Amino acid sequence: MKRDKIIFYISTGLLSLLMLFSASMYFFNHEEISGMFKSFGYPTYIIYPYGAAKLLGLFAIWNPNFKAIKEWAYAGFFFAFILAFFAHFMIGDREQAGAIIAMILLIISYIFNKRINK
């Protein structure tokens, strides 16, 4: 049980750092992110809500009282990382590594969250 908690906290902590960095880029480096969204063909008005959703998802994952919302947060991050991977792949900028790393951390966090909350 102790090993499972350590793995959960490490993977969730690294995922959180990655998401905090991403959200901070959305809020504080809007011009660069706006250019990236335009190259993907995405509307730029979703940048701030998307950054806020990332922060809310992190809050839900770390809060033990929100079991149903935690599942939705994991699902939301899963789809966000899949879409990020394919968005980078389709425009050919070779920036898919961040999405792959985030997906691996998310899957590890989810599996070990389920193990420690049995």
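The values are calculated or read from the model by the stated rules, or taken from the named source; none is laboratory data. Fair warning: this is a prediction, and the values are worked out from it, not measured in the lab. Methodologically, a virtual Cβ is constructed for each residue, glycine included, from the backbone with ideal geometry; neighbour enumeration extends over all protein chains shown. Surface accessibility is based on the protein's heavy atoms, side chains included, excluding ligands, DNA and RNA. Shrake-Rupley method; radii C 1.70, N 1.55, O 1.52, S 1.80 Å.
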Cα centroid separation - segment 89-118 against segment 67-83, whole Å
11 Å
Share of Cα-Cα pairs in the chain beyond 26 Å, in percent?
21 percent
Counting only helical runs of four or more DSSP H residues, what would the 222 nm mean residue ellipticity of the chain come to if each run contributes -39,500 (n - 2.57) and the total is spread over all its residues?
-29000 deg cm²/dmol
Give, in nm to one decimal, the length gained when the segment between Met1 and Gln96 is fully stretched (0.36 nm per residue of separation minus the Cα-Cα distance).
30.9 nm
How much of the accessible area of the chain, in percent, comes from carbon and sulfur atoms when a 1.4 Å probe is used?
72 percent
Count the net charge of all other residues whose Cβ sits under 12 Å from the Cβ of Met1, scoring Lys and Arg as +1 and Asp and Glu as -1.
+4
Chain lengthening between Glu31 and Ile107 when straightened (0.36 nm per residue, less Cα-Cα)
24.2 nm
Among Ile116, Asn29, Thr12, whose Cα projects farthest towards the positive end of the dipole of the chain, with charges put on the beta-carbon of Lys, Arg (+1) and Asp, Glu (-1)?
Ile116
So which DSSP H runs in the chain come out at 30 Å plus along the axis (Cα) with average Kyte-Doolittle of at least -0.5?
2-28, 67-91
Any idea how many Lys pairs in the chain come in under 19 angstrom at the alpha carbon, given 8 or more places apart or on separate chains?
12
Counting only heavy atoms of the protein chains, get the accessible area per residue of segment 8-118 (1.4 Å probe) and round it to a whole Å² value.
62 Å²
How big is the dipole moment of the chain about its Cα centre under a simple scheme where the beta carbon of each Lys and Arg is +1, that of each Asp and Glu is -1, and everything else is neutral? Debye, nearest 20, please.
720 debye
Among Ala84, Gly98, Gly57, which residue has its Cα positioned farthest towards the positive end of the charge dipole of the chain, with +1 placed on the Cβ of Lys and Arg, -1 on the Cβ of Asp and Glu, and the dipole taken about the Cα centre?
Gly57
